[in-house]
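Note sheet for the following structure.
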Amino acid sequence: MPIYVKVDGSGEKLAHLAEGDWELPSQIEALESWLLTNPLNLAPAKYIADLGFTVRENACGGGAILSPEAMSIMGRLGIKLYLSEYGE
């Protein structure tokens, strides 16, 4: 999977990020980087950013942080964030 950005209700994929990387912290970083460099390429509509991740072995806190700037871009463009957890 790990991250697909697509039009909601459609199979139209706009981006495939962090291929092969199933750790949430690095996926959030990849999504944020994409949002901060590509927001003007999308017109406001209904989108989904679906992050497919697995729980980190021995995780005990900390992790991913999505900045207010990235969240603002997502809100402006109409991007819903799906966090899809997968087992081993």
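The values are calculated or read from the model by the stated rules, or taken from the named source; none is laboratory data. Keep in mind that what you see is a predicted model, and the values were worked out from it rather than measured. With ideal geometry, Cβ positions are generated from the backbone for all residues, glycine too; neighbour counts draw on all protein chains shown. For accessibility, only protein heavy atoms count, side chains too; no ligands or nucleic acids. Shrake-Rupley method; radii C 1.70, N 1.55, O 1.52, S 1.80 Å.
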Test result for residue 81, open to solvent by less than 60 Å² (accessible area, probe 1.4 Å) and either in a loop (DSSP other than H, G, I, E, B) or out of contact with any Phe, Trp or Tyr (no Cβ under 7 Å at 6 or more places or on another chain) (or both): no
Considering every residue within segment 61-71, establish whether at least one is open to solvent by 60 Å² or more (accessible area, probe 1.4 Å), touching an Asp or Glu at 6+ places or on another chain (Cβ under 9 Å) and under 16 Å from residue 15 (Cα atoms). no
Of the conditions (1) assigned to a loop (DSSP other than H, G, I, E, B); (2) within 14 Å of the chain's Cα centre (by Cα), residue 71 fails just one. Which one is it? (1)
Residues 76, 56: which one is surrounded by 10 or more Cβ atoms within 10 Å (Cβ to Cβ), modelled with pLDDT under 90 and of a type in the set (Lys, Arg)? 56
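Per-residue answers, yes or no, for (1) outside any helix (DSSP H, G or I); (2) at pLDDT below 90; (3) over 11 Å from the mean Cα position of the chain (by Cα); (4) under 15 Å from residue 70 (Cβ atoms):
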{"position": "14", "(1), (2), (3), (4)": "yes, no, yes, no"}
{"position": "19", "(1), (2), (3), (4)": "yes, no, yes, no"}
{"position": "28", "(1), (2), (3), (4)": "no, no, no, yes"}
{"position": "32", "(1), (2), (3), (4)": "no, no, no, yes"}
{"position": "40", "(1), (2), (3), (4)": "no, yes, yes, yes"}
{"position": "44", "(1), (2), (3), (4)": "yes, no, yes, no"}
{"position": "48", "(1), (2), (3), (4)": "yes, no, no, no"}
